[in-house]
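**Q** Quick one: this structure, given as structure tokens, is what I'll be asking you about.
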Amino acid sequence: MAAVNGGSESQPAKHQEVGHKSLLQSDALYQYILETSVYPREPAPMKELREVTAKHPWNLMTTSADEGQFLNLLLKLINAKNTMEIGVYTGYSLLSTALALPDDGKILALDINRENYEIGLPIIEKAGVAHKIDFREGPALPLLDSMIEDKKFHGSFDFIFVDADKDNYLNYHKRLIDLVKIGGVIGYDNTLWNGSLVAPPDAPLRKYVRYYRDFVLELNKALAVDPRVEICQLPVGDGITLCRRIS
């Protein structure tokens, strides 16, 4: 049977989403999801930022459009108002969050690279949501440590999204569990890590995939037995694990 969109049986058609990380077995099925449910509902500013980011040499770092849609709806469902994002890049997931929050909502956005953030900033400003964002340039851990020391930040966040250096995910979790409120949610991105978690030891993997794989495996094991959270690992994008704090 011929493949859809000009592919062949040996080389199936590729999706059109730049930076695509979906683990769906069929690219054609993923493209169906995008064209049927995601793109028609994607806010114009998010579409513009997605297209701008697609031209960036590191576009693989961006949040996928389907995950952006998921985050936007999730934040509305939990009535989030005070959030944090660790790892911003050009701001696609950040914009998705900002559009979901009420006008007086706040996002503490942390990233080591302001230059990338400023690629998306004009679009965020045009969307009328820049006032919700407090961007801080620099490593996240020192700031998190200072917030842990100040008791007023304990339990103050409704939602925290983590999409930065995977080798620090567990270090983040140790701190974020105190900063998110009881009933609040932490979302860890890339927890299925290109599908590499079940690859055999001798599988040919890109260097960065192989390097971070063990850190992601370690995180997944730790979250699975953490009694302070309820978890759900979803095969959206490159995998996202939601942790709802219960104690």
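The values are calculated or read from the model by the stated rules, or taken from the named source; none is laboratory data. These numbers were taken from a predicted model, which means no experiment stands behind them. Cβ: placed from backbone, ideal geometry, glycine included. Neighbour counts: every protein chain shown.
**Q** Taking the criterion of being outside any loop (DSSP other than H, G, I, E, B), farther than 23 Å from Asn72 by Cβ and not acidic (Asp, Glu), would at least one residue in segment 225-247 satisfy it? Break it down stepwise before answering.
**A** Step one: filter segment 225-247 for residues outside any loop (DSSP other than H, G, I, E, B), giving 229-234, 240-245.
Next cut, farther than 23 Å from Asn72 by Cβ only: none.
Scanning segment 225-247 turns up no residue that is outside any loop (DSSP other than H, G, I, E, B), farther than 23 Å from Asn72 by Cβ and not acidic (Asp, Glu).
**Q** Looking only at segment 190-214, which residues are surrounded by fewer than 16 Cβ atoms within 10 Å (Cβ to Cβ) and among the aromatic types (Phe, Trp, Tyr)?
**A** Within segment 190-214, Tyr208, Tyr211 meet the criteria.
**Q** For segment 97-119, which residues satisfy the criterion of being charged (D, E, K, R) and within 15 Å of the chain's Cα centre (by Cα)?
**A** Of the residues in segment 97-119, the ones charged (D, E, K, R) are 103-104, 106, 111, 114-115, 118.
Result: Asp111, single match.
**Q** Of these, Asp134, Asp163, Asp145, which one is loosely packed, with under 14 Cβ neighbours inside 10 Å and either under 22 Å from Glu118 (Cβ atoms) or hydrophobic (A, V, I, L, M, F, W, C) (or both)? Step through it out loud before you land on a result.
**A** Details: Asp163 fails: loosely packed, with under 14 Cβ neighbours inside 10 Å; Asp145 fails: either under 22 Å from Glu118 (Cβ atoms) or hydrophobic (A, V, I, L, M, F, W, C) (or both).
Criteria check complete, one pass: Asp134.
**Q** In segment 50-87, which residues are part of a loop (DSSP other than H, G, I, E, B) and within 24 Å of Cys232 (Cβ to Cβ)? Steps first, please.
**A** So in segment 50-87, the residues part of a loop (DSSP other than H, G, I, E, B) come out as 54-58, 62-64, 78-81, 87.
Those that are part of a loop (DSSP other than H, G, I, E, B) and within 24 Å of Cys232 (Cβ to Cβ): Thr62, Thr63, Ser64, Ile78, Asn79, Ala80, Lys81, Gly87.
**Q** Another question, then. Is it fair to say Gly138 is at positive phi and either within 17 Å of the chain's Cα centre (by Cα) or not basic (Lys, Arg) (or both)? If you could, list the steps in order and put the result at the bottom.
**A** Details: at positive phi: yes; either within 17 Å of the chain's Cα centre (by Cα) or not basic (Lys, Arg) (or both): yes.
Yes; evaluated as a whole, the condition is true for this residue.
**Q** Let me ask you something else. Check Leu197, Leu219 and return the single one that is in contact with a Phe, Trp or Tyr (Cβ under 7 Å, 6 or more places away or on another chain) and either in a helix (DSSP H, G or I) or more than 30 Å from Ser26 (Cβ to Cβ) (or both). Before you say what the answer is, go through the steps one by one.
**A** On the way: Leu197 fails: in contact with a Phe, Trp or Tyr (Cβ under 7 Å, 6 or more places away or on another chain).
Selected residue: Leu219, the only one of Leu197, Leu219 that is in contact with a Phe, Trp or Tyr (Cβ under 7 Å, 6 or more places away or on another chain) and either in a helix (DSSP H, G or I) or more than 30 Å from Ser26 (Cβ to Cβ) (or both).
**Q** Turning to a different aspect of this structure: What's the total number of residues in segment 227-238 that are modelled with pLDDT of 95 or more and within 23 Å of Leu71 (Cα to Cα)?
**A** Matching residues across segment 227-238 total 7.
**Q** Please state which of the following conditions Gly128 fails to meet, knowing it meets all the rest: (1) modelled with pLDDT of 95 or more; (2) outside any loop (DSSP other than H, G, I, E, B).
**A** Every listed condition holds for Gly128 apart from (2).
**Q** Name the residues in segment 112-128 that are surrounded by 15 or more Cβ atoms within 10 Å (Cβ to Cβ), in contact (Cβ under 8 Å) with a residue 60 or more places away in the chain and closer than 22 Å to Pro102 by Cα, would you?
**A** Gly120, Ile123, Ile124, Ala127
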